[in-house]
Amino acid sequence: SQMELACPHCLAINRVPDDRLSNAPKCGQCGTPLLPGKPVDLTTDSFDRFIAKAGLPVLVDFWAGWCGPCKMMAPVFQQVAAEMGTRVRFAKVDTEAHPQVSMRHHIKGIPSLILFRDGVEAARISGAMEAHALKRWLASQGIQ
C-alpha cells in the first residue's frame, strides 16, 4: 500500500509506497526530502496542511527561544527524529513567532509535545525529556 505525505518545504502531497519510506523519498514537485530525519519548522501558514496530510503520525514540539528547558530538549528531539523519522514525523512550532497555533492548541507550558494522528491530537506531554524517556512515551502511544 502507499501513503500520502505532505512535503515539509512546498506542502505538495506525494504518494509514497510503504516499502519506499526508508529509501529517503523526495518531493516530486520541489525535490526536498520528504522524511529529512530532522524536525520540520512549521508556521501558522503551513501547520494545518502539514498536520492534515502528514501521512504518518506527527510529533510537534512547541517551544520558544527564551525557554531553558526547550533548549535542553532541542538536541534530544533532533536525535530521536534522526532515529525514528520513518515511523513518525517530527515538527517544531516557535510559540513566539506563531502564537495563534499555540493558542489554538491550548499550550500552557513549554516545551509541550503533541502527537497528531490523521490530523487530530492523539496525546500530549509537557516538560523536557531525555531521549530514552521520549522514545518510551512514543512506544506507549504505539510508535516503536
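The values are calculated or read from the model by the stated rules, or taken from the named source; none is laboratory data. None of these values were measured; they are calculated from a predicted model. All Cβ positions, glycine included, derive from the backbone under ideal geometry; neighbour counts span all protein chains shown. Calculation scope for accessible area: heavy atoms of the full protein, side chains included, ligands and nucleic acids excluded. Shrake-Rupley method; radii C 1.70, N 1.55, O 1.52, S 1.80 Å.
Figures for the structure shown
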| item | result |
| --- | --- |
| Answer residue from region 1-41, given it is surrounded by 15 or more Cβ atoms within 10 Å (Cβ to Cβ) and of a type in the set (G, A, S) and is nearest to W63 (Cα to Cα) among those | A6 |
| Candidate set: region 81-104, residues that are of a type in the set (K, R) and assigned to a strand (DSSP E or B); chosen: the one farthest from K53 (Cα to Cα) | K92 |
| Condition broken by F47, with the remaining ones in (1) among the aromatic types (F, W, Y); (2) exposed (fewer than 13 other Cβ atoms within 10 Å of the Cβ); (3) under 22 Å from A123 (Cα atoms) satisfied | (2) |
| Conditions (1) surrounded by fewer than 19 Cβ atoms within 10 Å (Cβ to Cβ); (2) modelled with pLDDT under 90; (3) of a type in the set (A, V, I, L, M); (4) assigned to a loop (DSSP other than H, G, I, E, B): number failed by A54 | (1) |
| Residue in region 32-88 that is nearest to the chain's Cα centre (by Cα), counting only those that are of a type in the set (K, R) and under 22 Å from H9 (Cβ atoms) | K38 |
| The one condition in (1) in contact (Cβ under 8 Å) with a residue 24 or more places away in the chain; (2) open to solvent by 20 Å² or more (accessible area, probe 1.4 Å); (3) out of contact with any Leu (no Cβ under 9 Å at 6 or more places or on another chain); (4) more than 23 Å from D45 (Cβ to Cβ) that W63 fails to fulfil | (4) |
| Residue in region 75-91 that is open to solvent by less than 70 Å² (accessible area, probe 1.4 Å) and more than 18 Å from K135 (Cα to Cα) present | no |
| Pairs where the first residue, in region 103-121, is farther than 13 Å from P57 by Cα and the second is modelled with pLDDT of 95 or more and of a type in the set (K, R), C-beta under 6 Å, 6+ apart | none |
| Qualifying residue in region 105-127 (condition: surrounded by 15 or more Cβ atoms within 10 Å (Cβ to Cβ) and in a helix (DSSP H, G or I)) | no |
| Any hit, region 27-48, residues being β-branched (V, I, T), under 19 Å from V101 (Cα atoms) and in a helix (DSSP H, G or I) | no |
